[in-house]
Each structure stands twice: as C-alpha cells, then as structure tokens.
1. Suppose the filter is in contact with a strand residue (DSSP E or B) (Cβ under 6 Å, 6 or more places away or on another chain) and assigned to a helix (DSSP H, G or I); does residue 351 pass it?
2. In this structure, is residue 209 farther than 14 Å from residue 283 by Cα, in contact (Cβ under 8 Å) with a residue 24 or more places away in the chain and under 31 Å from the mean Cα position of the chain (by Cα)?
3. Looking only at the stretch 212-233, how many residues end up being assigned to a strand (DSSP E or B), in contact (Cβ under 8 Å) with a residue 40 or more places away in the chain and among the basic types (Lys, Arg)?
4. Please work out which residue is nearest to the chain's Cα centre (by Cα), limiting yourself to the stretch 292-302 and to residues that are closer than 23 Å to residue 247 by Cβ and of a type outside the set (D, E, K, R).
5. Determine whether the stretch 336-349 contains at least one residue that is in contact with a Gly (Cβ under 8 Å, 6 or more places away or on another chain) and over 21 Å from residue 376 (Cα atoms).
6. What number of residues within the stretch 117-155 satisfy the criterion of being without any contact (Cβ under 8 Å) to a residue 40 or more places away in the chain and among the aliphatic types (A, V, I, L, M)?
7. Can you pull out the residues in the stretch 156-181 that are of a type in the set (S, T, N, Q), assigned to a helix (DSSP H, G or I) and either in contact (Cβ under 8 Å) with a residue 40 or more places away in the chain or more than 30 Å from residue 140 (Cα to Cα) (or both)?
8. Search the stretch 234-255 for residues that are assigned by TED's automatic domain parsing to the domain that holds residue 317 and pair each with any residue that is small (Gly, Ala, Ser) and in a helix (DSSP H, G or I) when their beta-carbon atoms are under 9 Å apart and the residues are at least 6 apart or on different chains.
Amino acid sequence: MNVRRSNNGSALSPLPVQAPSNGQHAVLSEESFQRMICLERKRSERSRKPFLLMLVDMGGYVPSERTTKVLSSILSALSVSTRETDVTGWYKHNRVVGVMFTEIGLEDRASVLGTMITRVSETLKSALSFEQFSQVSLSFHLFPEDWNHEDERRPSDPRLYPDLEKRDESRKFSNTLKRAMDIGGSLFALIAFAPLWLVIALAIKLTSKGPVFFRQRRIGQHGASFTFLKFRSMHVGNDASTHKEYVQQLIAGTAERHPTNGNGDGVYKITKDSRITGVGAFLRRTSLDEMPQFINVLRGEMSLVGPRPPVPYEVEAYDFWHRRRVLEAKPGITGLWQVSGRSRVKFDDMVRMDLQYAQNWSPWLDLKIILRTPGAMLGEGAY
C-alpha cells in the first residue's frame, strides 16, 4: 500500500477505494479500472455500441489533505450521478479519476458530455481555489475512435489503451532487443543482397516503363501511416479498384479462393492479374519484391517480424476488433501468418494469428519465424 505525504512531510492515509453504500457505486482501484477499460473495449467491439471515457486530472501538484477531500467529493458525486452500467475508478491513483459511460448512443454523446461537465465543474468550483481549479483538466475519449487515414499522426487514442502502455513498459528490455535485431538484420540484408538488388533493378527497368521502387501509403502501429517500399511488380498507372473490391470481400468473409498452379485448394488472392509484369510475377512468386522493406525496418516504421501493414482502404473495411492487429504490434516483413498458411487462410484467421503473435511475442518466437520464412517464400501461398 502506497503512503502519501503532505507538503510538510507528515504521513497521510491513502485515499481508500470506496465500497458501495446508500446506492453509490464502488470506486475501482487503478489496476481494476484499467482492466475494465480493456474488457469494455472488447465488449464494444462485439456489440458495436461505443463507450465514453471521462478523465478528471487533478494536475501535477503534490496531494494534500485538501485535495484528498476534493477527490473524495468528486468520486462521491460521480458515483451518485452515474448509471448502474457505468464504471467509476482511478485511472491514475490519487491523481486522475475516470468514469466509463458504457453502451451510449452516438446521439447521446453531447448530452452526456454536457451533464458531466456541469456536475464535475460545480463540485470542483465549490471545493477548490481558483488557482487549484485552473490546474484541473477534463478530457473525454470515445471508443471506437474515428480514424483519419489522411493524417500521418497516430489516430488511436492512447488513453483508451492503458493495458498496452503497461505491457510495453514491462517489455522495455525485450523491445530494445527486438529493435537491435531489426537494425542488425536489416543492415546485414541490405549489404549482403546488394548485388541481387542491382540485378532486380536492371530487370525491372529493361522490361517495363516506370520507377524501380513502388511506394504506397500503409498503416503502421497505432494506425499511423508511412511510405511502404517494394520493387515495382506492376505496370504504372494501373487501376486499384479490382484489388480494393476483392480485399473488401475478403474482410467481409465473402471472397472466393483463386486457383494456383499447385495442387492446393487455391488462395485468397488475385492470381491472374493483368496489371503484373512478367518480371513482377517472378518477384511476387519468390517474394523478392518485398526486399526494399528492409529500408522501412531500418527507419523504424516496420520490424523484421510482425503483422503485414494494410493499405488505408483495407483498414476502412475493418471490423472494430480487426484494428487490434495494427494496435498491438509493429508491422513486419514476415510474420506468423506468412509461415502458417499465408494466403490460404481466411482474413479473420489471419487477424487471430497476428493477435496471437502480439500476445506471445518473444525474441525466440521471432527467430523461429525468420528461420521458417525461406520455405514459406517458395510455398503455394506465396503467389
């Protein structure tokens, strides 16, 4: 149990987690409240009903007996004025109070905001000096967020994902090791395969008009966009509408498998595409068109291992829970999906593999996936 101290150094008893009484709600501890945010996100993904998180931040000044009483008053006021389905608790213990208004309609958002701003403001004004009141901030965070893919900044709201923040904190050393592996591996690949790059570049330039590299905006971790690199495998000026339509069908679960030259049941991918050049077909079949992504890895936009980065129109077709594949891990050149079925598995199964990777990640898992990648590059799914 943490012990707070007043400005003169004397010990203060910790502000307790309130138990229900006289119809009031329990006020959850920081750990319990943040766990509830995670659970509510998953519930909202299934029900498609949004929730609103309100945070009351008391500012950075040192807690005192007076601010402790103010926090108690705020918690009591919020507990009484919320519905039975709403959740009140500590977002940050003794500093930030949170309330989740669950299963709200989008049309109810304005009224909820107005009511709670009025209630909390009245409580604060009556209990704080003007100076103290000026340090308090209210913020509102709606889940699911409205992602704007035209903006390169992160569209996902970090306040709605405290569990991911804590996970990353606990993995600091491992994440540093992963980044070191990415830098070392990408530098080695760029140097070792430089002659092959030259051969591929000459083949592309001699057989079709256009640049050697294909640049495309993709969605990275937390929904932030970046410029994705590949060796160009298509004729320039082609129409992406056919691919966009097929991707939307794939995500919706209505896409049909396309036949390949192998003996399998086909793949969830357009296999007879007139936009692809002769050299491009070979590059795609051998996955050599992916090699420039080592530059993306070196920049820190991708990792050697992780989920594949989607194009914006793919993310626009996502169900809410599909977004977790770009929230929980940095995109990679290869990944669990690529070595465990690749284009032969349905989209929902691919997302589950990406989430499984994010939840169970370790340097050893990355190494195993990297060692399995050469075989997957030449397999039937690599079309």
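1. Here the answer is no, as residue 351 does not meet what is asked.
2. no
3. 3
4. Among residues in the stretch 292-302 that are closer than 23 Å to residue 247 by Cβ and of a type outside the set (D, E, K, R), the one nearest to the chain's Cα centre (by Cα) is 302.
5. No, there is no match, as no residue in the stretch 336-349 is in contact with a Gly (Cβ under 8 Å, 6 or more places away or on another chain) and over 21 Å from residue 376 (Cα atoms).
6. The total comes to 1.
7. Matches in the stretch 156-181: 174, 175, 176.
8. Between residues of the stretch 234-255 that are assigned by TED's automatic domain parsing to the domain that holds residue 317 and residues that are small (Gly, Ala, Ser) and in a helix (DSSP H, G or I), the close pairs are 234/280; 235/280.
The values are calculated or read from the model by the stated rules, or taken from the named source; none is laboratory data. Here the structure is a predicted model, which is why all the values come from computation and not from measurement. Positions of Cβ are backbone-derived with ideal geometry, glycine not excepted, and every protein chain shown enters the neighbour counts.
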